[in-house]
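See below for the structure under consideration.
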Amino acid sequence: MKPEEILDSFNSSVKKVDDAKINQVLGKEKAIEEKRSKLNPVKFFMLFKQVKLAFEMLKDYKQKKYRSVPWKAIAMIVTALVYFLNPIDLIPDFLGVIGFTDDAIVLAFVFKSIRDELIKYCDWRGLNAEDYF
């Protein structure tokens, strides 16, 4: 699959996010945490922390505690977390560190794209954004 095709597929998935999809992802908190714990914290240090931050922002958004974020940023987080959870993606996760490479690329793309929103969320939560970026 070419990079443009991956991006088109990702953008198409972003457009399909709704409240049901958010609820689905929020219901997978344990699975997300288990997969996150398998990331090598040395190699994927920032992504390790950013996944948790993005999930927390998603929870606060859904609970209507934090709504100062564009819908597209929420939809991108949901889509990235769905991709992250999918064990059979471009590079299957059972291949170890190499299997997380495509997940890391997707997550890094999303977190870079919505970096300003995540920093605003850090400010709102009283977190030091430098710990995440």
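Could you look through the stretch 29-39, keep only residues that are surrounded by fewer than 17 Cβ atoms within 10 Å (Cβ to Cβ) and in contact (Cβ under 8 Å) with a residue 40 or more places away in the chain, and pick out the one that is nearest to Asn86 (Cα to Cα)? I'd like the intermediate steps shown before the answer.
We begin by selecting, within the stretch 29-39, every residue surrounded by fewer than 17 Cβ atoms within 10 Å (Cβ to Cβ); these are 29-31, 33-34, 37-38.
Right, trim to in contact (Cβ under 8 Å) with a residue 40 or more places away in the chain and you get 31, 38.
Working: Ala31: 10, Lys38: 14 Å.
Looking at residues that are surrounded by fewer than 17 Cβ atoms within 10 Å (Cβ to Cβ) and in contact (Cβ under 8 Å) with a residue 40 or more places away in the chain, I get Ala31.
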Could you list, in sequence order, all residues of the stretch 52-80 that are in a helix (DSSP H, G or I), aliphatic (A, V, I, L, M) and modelled with pLDDT of 95 or more? Leu53, Ala54, Met57, Leu58, Ala73, Ile74, Ala75, Met76, Ile77, Val78
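Please find, among Ser13, Ser9, the residue that is touching a Ser or Thr at 6+ places or on another chain (Cβ under 6 Å) and modelled with pLDDT of 80 or more.
Working: Ser9 fails: touching a Ser or Thr at 6+ places or on another chain (Cβ under 6 Å).
Testing whether each residue is touching a Ser or Thr at 6+ places or on another chain (Cβ under 6 Å) and modelled with pLDDT of 80 or more leaves just Ser13.
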What residue, among those in the stretch 1-23 that are within 15 Å of the chain's Cα centre (by Cα), touching a residue at least 12 places away in the same chain (Cβ under 8 Å) and assigned to a helix (DSSP H, G or I), is farthest from Ile105 (Cα to Cα)? Asn23
Selection count where residues are modelled with pLDDT under 80, under 24 Å from Lys59 (Cβ atoms) and loosely packed, with under 14 Cβ neighbours inside 10 Å, scope the stretch 87-133: 1
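Step by step: first the residues of the stretch 118-133, then only those that are free of Cβ contacts under 8 Å to residues at least 60 places away in the same chain and assigned to a helix (DSSP H, G or I), then the one that is nearest to the chain's Cα centre (by Cα). Which residue is that?
Here is the first cut: in the stretch 118-133, the ones free of Cβ contacts under 8 Å to residues at least 60 places away in the same chain are 119-120, 123-124, 126, 128-130.
Those still in the list that are assigned to a helix (DSSP H, G or I) too: 119-120, 123-124, 129-130.
Values: Ile119: 15, Lys120: 16, Asp123: 19, Trp124: 19, Ala129: 16, Glu130: 18 Å.
It comes out as Ile119.
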Just to be sure I understand, how many residues within the stretch 57-78 are surrounded by fewer than 16 Cβ atoms within 10 Å (Cβ to Cβ) and closer than 16 Å to Val110 by Cα? 3
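Check whether at least one residue in the stretch 34-50 is modelled with pLDDT of 95 or more and outside any helix (DSSP H, G or I), and report yes or no.
Applying the first criterion (modelled with pLDDT of 95 or more) to the stretch 34-50 yields 50.
Checking the rest, the ones that are also outside any helix (DSSP H, G or I) come to none.
No.
The values are calculated or read from the model by the stated rules, or taken from the named source; none is laboratory data. Computed from a prediction, not measured in an experiment: that's the story for all the values here. Cβ atoms come from the backbone with ideal geometry, glycine included; neighbour counts cover every protein chain shown.
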